[in-house]
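Heads up: the structure comes next, in structure tokens.
The values are calculated or read from the model by the stated rules, or taken from the named source; none is laboratory data. Every value quoted in this text rests on a predicted model; they were computed, and no experiment measured them. Cβ placement follows ideal geometry from the backbone for every residue including glycine, while neighbour counts extend to all protein chains displayed. SASA here: full protein model, heavy atoms, side chains in, ligands and nucleic acids out. Shrake-Rupley method; radii C 1.70, N 1.55, O 1.52, S 1.80 Å.
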Amino acid sequence: LPMNGDEALQVVEQGGGQLVEPDVAKSIVRFIAADKKARPLPGLAVEPALLSLICRELNLRRQAKGLPQITADLLTGARDEILAGFYRRCLEDQAPEVGDFIEDHLLSESGYRNSVALEDAMRLPAITRDAIDTLIQRRLLRLEERSGLLRVELTHDELTTEARARRSQRREVEAQAEARRQLEK
């Protein structure tokens with residue numbers, strides 16, 4: 001279940017310990033909650049999976065830059081970049097069909113998060129239980145039981161932006177390739 005902003009702040013402060021600059025913990029919570037109005041923390045809703053994902057990604061950025069702490073600069077304008085980088089890294093060692101599955105089946109045509117029965121997903125090319133489990137471990141996908149049936153879905157709505165963008169790019173490339181094939185006939 002979602003946490004409020006105070007609960008999320010407590011997680012960041014306790015979990016981040018000395019890795020987070022003073023006062024940056026609140027900025028991280030607001031960043032994750034996409035709070036642009038500086039509302040009181042108790043009124044914010046923060047998804048635990050997204051909190052974990054963003055904190056991990058910020059720490060990876062901190063390490064890559066050789067910084068001793070997560071700073072406010074690491075947050076600046078980075079929300080979409082962090083989520084896009086996370087999405088790409090999750091899929092970089094997977095078969096292309098795995099990304100296609102996510103973008104074509106775990107998103108509605110209008111770009112909203114969708115779920116698919118696990119048994120149906122595993123009937124598709126290159127979609128194996130190992131691939132699903134790997135992406136669950138990486139926090140890109142999750143399994144949820146509904147009416148006794150396991151369903152696979154993206155862990156958070158925020159991940160749909162990058163999936164939509166990649167789907168659009170792939171479809172554009174496919175359409176261009178098809179147009180070239182038609183011209184060659």
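Free of any GluC sites (Glu not before Pro) that DSSP assigns to a loop and that have at most 14 other C-beta atoms within 10 Å, the longest stretch within the chain is 1-91. DSSP beta bridges fully contained in the chain are about 90 percent antiparallel. For region 124-185, the spread of Cα coordinates along the three principal axes comes to 50, 25, 23 Å, biggest extent given first.
Ratio of the chain's C-alpha Rg to 2.2 N^0.38 Å, to two decimals?
For the chain, the normalised Cα radius of gyration is 1.17.
Over region 50-150, average the accessible area per residue using a 1.4 Å probe and give it in Å², no decimals.
Numbers: 5360 Å² over 101 residues.
It amounts to 53 Å² per residue over region 50-150.
Here the chain has 49 percent of its accessible surface on carbon and sulfur atoms, given a 1.4 Å probe and all protein chains in place. Working note: Cα gyration tensor of region 82-122, eigenvalues times five, square-rooted, sorted largest first, giving semi-axes of 18, 14, 8 Å. Shape class of region 24-115 from the Cα gyration tensor (axes a ≥ b ≥ c, square roots of the eigenvalues): oblate, since a/c reaches 1.5 or more and a/b does not exceed b/c.
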